[in-house]
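Chemist: First the structure, then my questions, so here it is.
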Amino acid sequence: MTSKRSKSSQNSQGSRTRLQRATFAAGAALTVVVAGAGAAPGAGAAQENTAGKPKLKLIAASNSVTLDRYEWDGASGVFLDLGTYLSVDDAPLEFKVTRKSYKDPVVAQQILRDGTSTKPKTKTLPAGLVKDFTGLAGFIDVSIKNAAGEEVSATKGTFCPNNASGRIRPDAPATSKYPQSCPTNPFTLGSVWGVEKGWASNTSSIDYDKPVDLPVGEYTAKVGVAKEYRDLFGIPDDQHTIKVTVRSDGEGGEGAGAAASRSSAHHGGGNGAGHGAGHDTRTANDPAAAAAAAAHHYGPRGADAPTPPALSHALEDRGLAHHLGDGPGHTDGSRIAPALKPAAKRPTGRAGVPADVPKPDLRSLPAWDIAVTDGEDGDAPGKDYLAFSANVWNAGPAPLVVDGFRSPGKDLMDSYQYFYDADGKQVGYTPSGTMEWDPREGHEHWHFTDFASYRLLSEDQTKEVRSGKEAFCLANTDAVDYTVKNANWHPENTDLSTACGQQNSISVREVLDVGSGDTYTQYRPGQSFDITDLPNGTYYIQVIANPENRLQETNTKNNVALRKVVLAGEPGARTVTVPPHDLINAP
């Protein structure tokens with residue numbers, strides 16, 4: 001695929017995507033509550049199914065919904081969150097989704113836990129049914145008819161079992177052990193999907209690049225599970241009819257800009273209180289600008305950030321819907337987590353790490369989202385840059401824990417890596433470099449300086465022609481492989497505000513948990529190579545984890561990843577072609 005993207009078009013794309021994500025996060029708080037919430041205690045309870053097979057049923061939370069029609073960057077449409085859920089009883093619905101390598105297809109297995117055996121049974125889903133890690137493709141059939149009875153839309157939706165969910169009976173498990181979203185990173189290696197017994201998960205899939213073009217008016221939606229899944233899982237053929245009212249953005253509802261501003265207003269105290277859209281008069285009449293401002297410090301890191309978890313309806317019922325996004329003491333709207341705290345003081349005594357203590361294993365993913373731009377924030381305008389997204393992740397079996405300690409008045413911290421035994425007791429530490437304050441707009445937090453580096457190599461991979469950034473704020477942005485040993489399905493610091501400190505911080509703790517990776521997208525300042533004076537030809541983007549070996553790992557032989565690129569065109573109109581990486585065709 002050949003890509004040439006100007007700064008203005010990239011900013012537009014980034015603003016639109018941030019708008020979309022802000023819209024979905026806020027919209028989740030407005031959806032209807034799961035049916036069955038008002039049932040009598042014990043209603044719907046079932047005996048444990050010794051075969052471990054879950055009982056599945058499509059239910060509708062309401063007979064009618066009101067949806068907003070949004071408009072941005074010349075696009076317009078409706079996102080079909082119709083309030084239908086897949087209820088699960090008798091046993092959990094669980095899947096393990098993996099691929100051996102990027103040369104192998106994705107394989108999905110249903111995990112059947114009967115409650116009596118320590119080793120669950122597995123059932124491999126038909127080959128080709130699951131092609132990526134975003135969920136069960138084509139699971140939901142949705143037909144929309146207008147007031148005249150004419151079908152105006154027919155779509156198939158992907159079902160992510162990790163969607164927004166809640167209990168459907170009071171004796172169900174109080175919390176869900178499963179992750180809270182399905183991965184969208186093109187280089188994901190393994191995922192776990194699941195819905196607890198006695199819970200229901202929202203079946204709506206929102207493709208923000210393809211809104212449904214429904215004019216303002218009244219409609220009737222019919223929703224059902226596709227036949228291949230009904231046959232596979234024994235789901236009844238229940239068709240739900242839902243009245244749909246489409247209103248214009250701002251017609252008594254919370255528009256996209258207002259939603260983004262509201263979300264931002266509750267993020268104060270993160271990486272710089274007062275920078276949200278609610279404090280910027282320039283965004284008042286510009287939804288895209290409002291969304292961009294809202295996401296600037298507090299939201300996901302860019303257009304290809306992982307899909308944020310939708311708001312739990314249980315939290316909505318308890319009046320906690322204002323906890324959208326990250327902030328002090330919590331991470332996302334579906335759970336409250338303690339703020340990450342560094343050690344109380346700089347370590348003293350002789351540094352040392354027992355030989356047998358668990359350590360992290362840092363690995364690089366190949367670069368993606370690669371494009372030529374004419375400069376992002378912090379770059380010189382009028383030059384050609386090769387921008388890209390990159391990720392370093394932790395395959396475990398222990399988290400990477402790095403604390404920084406500041407000497408008063410300095411913009412550098414001394415950093416230390418900490419180690420813990422199987423019981424969570426700290427058993428050692430070692431110096432690991434420094435952290436530095438990054439004042440650039442779009443960062444404004446503390447960066448660990450020895451985490452990763454980017455280099456652009458010649459075609460024969462023997463010559464380094466450009467070097468990129470080497471300082472990072474660590475955060476668990478992407479679930480890369482939740483099937484590895486000790487993977488944490490609920491990492492705390494899923495975004496910057498609980499991980500990377502403020503300008504007045506005296507100490508900082510940055511963590512990369514097992515199974516998760518840290519993505520920096522091409523929309524971040526400095527995430528590019530200056531290629532203005534490079535001749536056309538073939539190059540390789542090299543991503544290196546732990547480049548100076550200052551971090552202790554279980555394995556340092558898997559720290560490097562390469563992605564081939566081919567530069568062409570003329571100065572000011574350069575292009576890049578990105579060949580597939582094995583089976584991954586994600587330029």
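The values are calculated or read from the model by the stated rules, or taken from the named source; none is laboratory data. Remember, it's a predicted structure, so these values are computed and weren't measured experimentally. Positions of Cβ are generated from backbone atoms using ideal geometry, with glycine treated the same way; all protein chains shown enter the neighbour counts. Each accessible area value is taken on the protein alone, full model and side chains, heavy atoms only, with ligands, DNA and RNA left out. Shrake-Rupley method; radii C 1.70, N 1.55, O 1.52, S 1.80 Å.
Chemist: Could you tell me which of the residues Gly135, Gly217, Gly224, Gly166 is under 26 Å from Ile584 (Cβ atoms), touching a residue at least 60 places away in the same chain (Cβ under 8 Å) and among the small types (Gly, Ala, Ser)?
Modeler: That would be Gly135, the only listed residue that is under 26 Å from Ile584 (Cβ atoms), touching a residue at least 60 places away in the same chain (Cβ under 8 Å) and among the small types (Gly, Ala, Ser).
Chemist: If you go through the stretch 102-113 one residue at a time, do you hit one that is at pLDDT below 95, of a type in the set (S, T, N, Q) and open to solvent by 50 Å² or more (accessible area, probe 1.4 Å)?
Modeler: The answer is no; no qualifying residue exists.
Chemist: If you don't mind, there's one more thing I want to ask. Within the stretch 489-512, restricting attention to residues that are aliphatic (A, V, I, L, M) and open to solvent by less than 30 Å² (accessible area, probe 1.4 Å), which residue is modelled with the lowest pLDDT?
Modeler: Out of the qualifying residues, it is Leu496.
Chemist: Going residue by residue through the stretch 454-471, is there one that turns out to be touching a His at 6+ places or on another chain (Cβ under 7 Å), at pLDDT below 90 and surrounded by 15 or more Cβ atoms within 10 Å (Cβ to Cβ)?
Modeler: Yes: one or more hits.
Chemist: While we're here: Take Ser143 and tell me if it is of a type in the set (Ser, Thr, Tyr), closer than 25 Å to Lys55 by Cβ and either at pLDDT 95 or above or not in a strand (DSSP E or B) (or both).
Modeler: No, not satisfied.
Chemist: Can you tell me how many residues in the stretch 421-438 are touching a residue at least 12 places away in the same chain (Cβ under 8 Å), more than 15 Å from Ala351 (Cβ to Cβ) and open to solvent by 40 Å² or more (accessible area, probe 1.4 Å)?
Modeler: Matching residues across the stretch 421-438 total 4.
Chemist: Within the stretch 163-206, which residues are touching a Leu at 6+ places or on another chain (Cβ under 7 Å) and aromatic (Phe, Trp, Tyr)?
Modeler: Answer for the stretch 163-206, where residues must be touching a Leu at 6+ places or on another chain (Cβ under 7 Å) and aromatic (Phe, Trp, Tyr): just Phe187.
Chemist: Tell me which of these Pro397 doesn't satisfy, since it passes every other one: (1) under 26 Å from the mean Cα position of the chain (by Cα); (2) at pLDDT 85 or above; (3) surrounded by 19 or more Cβ atoms within 10 Å (Cβ to Cβ).
Modeler: Only one criterion in (1) under 26 Å from the mean Cα position of the chain (by Cα); (2) at pLDDT 85 or above; (3) surrounded by 19 or more Cβ atoms within 10 Å (Cβ to Cβ) is unmet by Pro397, namely (3).
Chemist: How many of the residues in the stretch 146-169 are buried (at least 16 other Cβ atoms within 10 Å of the Cβ) and under 20 Å from Ile59 (Cα atoms)?
Modeler: Number of matching residues: 13.
Chemist: Looking only at residues that are of a type in the set (A, V, I, L, M) and at pLDDT below 95 in the stretch 552-586, which one is surrounded by the most Cβ atoms within 10 Å (Cβ to Cβ)?
Modeler: Ala586
Chemist: Out of the residues in the stretch 115-140 that are among the hydrophobic types (A, V, I, L, M, F, W, C) and part of a loop (DSSP other than H, G, I, E, B), state the one that is most open to solvent (accessible area, probe 1.4 Å).
Modeler: Ala127
Chemist: Same structure, new question: Identify all residues within the stretch 513-550 that are in contact with a strand residue (DSSP E or B) (Cβ under 6 Å, 6 or more places away or on another chain), assigned to a loop (DSSP other than H, G, I, E, B) and either without any contact (Cβ under 8 Å) to a residue 40 or more places away in the chain or open to solvent by less than 10 Å² (accessible area, probe 1.4 Å) (or both); write none if there are none.
Modeler: Passing the criteria: Val514, Gly515, Thr521, Gln522, Gln527, Ile531, Asn536, Asn546.
Chemist: A follow-up question, please. Looking only at the stretch 542-579, filter to residues that are among the small types (Gly, Ala, Ser) and in contact with an Asp or Glu (Cβ under 9 Å, 6 or more places away or on another chain); which one of those is farthest from Ile370 (Cα to Cα)?
Modeler: Selected residue: Ala545.
Chemist: Moving on to the next point. Just name the residue that is farthest from Asn486 (Cα to Cα) out of those in the stretch 173-205 that are over 19 Å from the mean Cα position of the chain (by Cα) and open to solvent by 10 Å² or more (accessible area, probe 1.4 Å).
Modeler: That would be Trp199.
Chemist: Would you please name the residue that is nearest to Thr124 (Cα to Cα), looking only at residues in the stretch 70-97 that are assigned to a strand (DSSP E or B) and open to solvent by 40 Å² or more (accessible area, probe 1.4 Å)?
Modeler: Here the answer is Lys96.
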